[in-house]
Amino acid sequence: MIDIDPGLIVGGLLVGFIVGLTGMGGGALMTPMLIFVFRIDPLVAVSSDIVASLFMKPAGAIVHLRRRTVNLQLVLWLCVGSVPAAFCGVFLIRALPFGDSLDEALQVVLGVALLLAATMLVVRATLGMVQHRRALGEGPARPSNAEVVVRKAPTVLLGAVAGLLVGMTSVGSGSIIIVALLMLYPALKASNLVGTDLVQAVPLVAAASLGHLLYGEFSLDLTTSLLLGAIPGAWFGAQVSSRAPGGLIRRALAILLLASGLKLLGAPVAVVAAAAVAALVLGNLAWVVVREQLRKRPPPPPAAAVTVTKDSTENP
């Protein structure tokens, strides 16, 4: 008989909502929560977390697919590289004699990458506010595919690197793919960024889960309790991220990237929490300042007026 833990259900609900909202946070939040809050053995925590993600992420992915906030071409070419690499990564880390030291080195590299990604999001959000003259940047998410040109070879390569890291470390797939997509496709809208990440994570996590089911320390009781909260949490978070203004999604992503990056670099929990709170408070204050500056500027001329002026100049 399966033992259900109400505390794990609540924890899964919180993490599931964050994953559905931002596309990341599973490995960065779930595993530390299991280890430090619920005192679960690290090997059991990592294996159960990855298997739980296999069932949690589809709940958010389905919402984004229905809202058409997924770039399916990106999903395809990311999976071409990430799925086989993730499965191989589980076996590769066991074959290497310096597994623990390699895991720590990879987490440091990814921690720096997450901090850079958070900086990129802040810059992108600020430019979006100025360009679109909206306090929330892109405005509400529209149900359409992102208008980006998919570069196949770099996308497959990034997918392979991300998949290998997922298979070799306990770092979540969402964190790695978010960074990869931000680097290769900075023009991708926030809603499409989250939707694409959630959908591609399903086959990626499935490949990594297979390795952990065969060689890990998977716990059915633990995973079941997590999923009772994580599945509805991911569904609700995806409902928000598929409809919310891009600026709000990017703020949540930036704070989570900052917290995850500091944690991977070994910062204490108190420092991570303080940095997240400071980013939330200072970020909102900065947003108020920029918003007030935008309100003081005169509105841009209508598009029709600009077109007429241009035509009259070229055809006197």
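Of all residues in the range 63-86, those satisfying the criterion of being buried (at least 19 other Cβ atoms within 10 Å of the Cβ) and outside any helix (DSSP H, G or I) are Thr69, Val70, Asn71. The residue that is nearest to Ser209 (Cα to Cα), counting only those in the range 5-62 that are of a type in the set (A, V, I, L, M, F, W, C), assigned to a loop (DSSP other than H, G, I, E, B) and more than 20 Å from the chain's Cα centre (by Cα), is Ile40. Just one residue in the set Pro268, Pro245, Pro298, Pro316 is touching a strand residue (DSSP E or B) at 6+ places or on another chain (Cβ under 8 Å) and modelled with pLDDT under 90; that residue is Pro245. Please indicate, with yes or no, whether at least one residue in the range 277-284 is β-branched (Val, Ile, Thr), at pLDDT below 85, over 15 Å from the mean Cα position of the chain (by Cα) and over 30 Å from Ser47 (Cβ atoms). Looking for residues that are β-branched (Val, Ile, Thr), at pLDDT below 85, over 15 Å from the mean Cα position of the chain (by Cα) and over 30 Å from Ser47 (Cβ atoms), one finds none in the range 277-284, hence no.
Return a yes/no flag: does the range 253-274 have any residue that is under 21 Å from Pro58 (Cβ atoms), crowded, with 16+ Cβ neighbours inside 10 Å and either touching a residue at least 12 places away in the same chain (Cβ under 8 Å) or touching a Leu at 6+ places or on another chain (Cβ under 7 Å) (or both). Yes - at least one qualifying residue is present in the range 253-274. Within the range 130-149, one or more residues are at pLDDT 70 or above and either under 23 Å from Leu54 (Cα atoms) or not in a helix (DSSP H, G or I) (or both). Just one of (1) more than 25 Å from Ser48 (Cα to Cα); (2) within 19 Å of the chain's Cα centre (by Cα) fails for Gly261. It is (1). Please verify whether the range 171-180 includes one or more residues that are buried (at least 20 other Cβ atoms within 10 Å of the Cβ), on the phi > 0 side of the Ramachandran plot and modelled with pLDDT under 70. No.
The values are calculated or read from the model by the stated rules, or taken from the named source; none is laboratory data. Please read these numbers as outputs of a predicted model, since none were measured by experiment. So basically every Cβ, Gly included, is an ideal-geometry build from the backbone, and we count neighbours across all protein chains shown.
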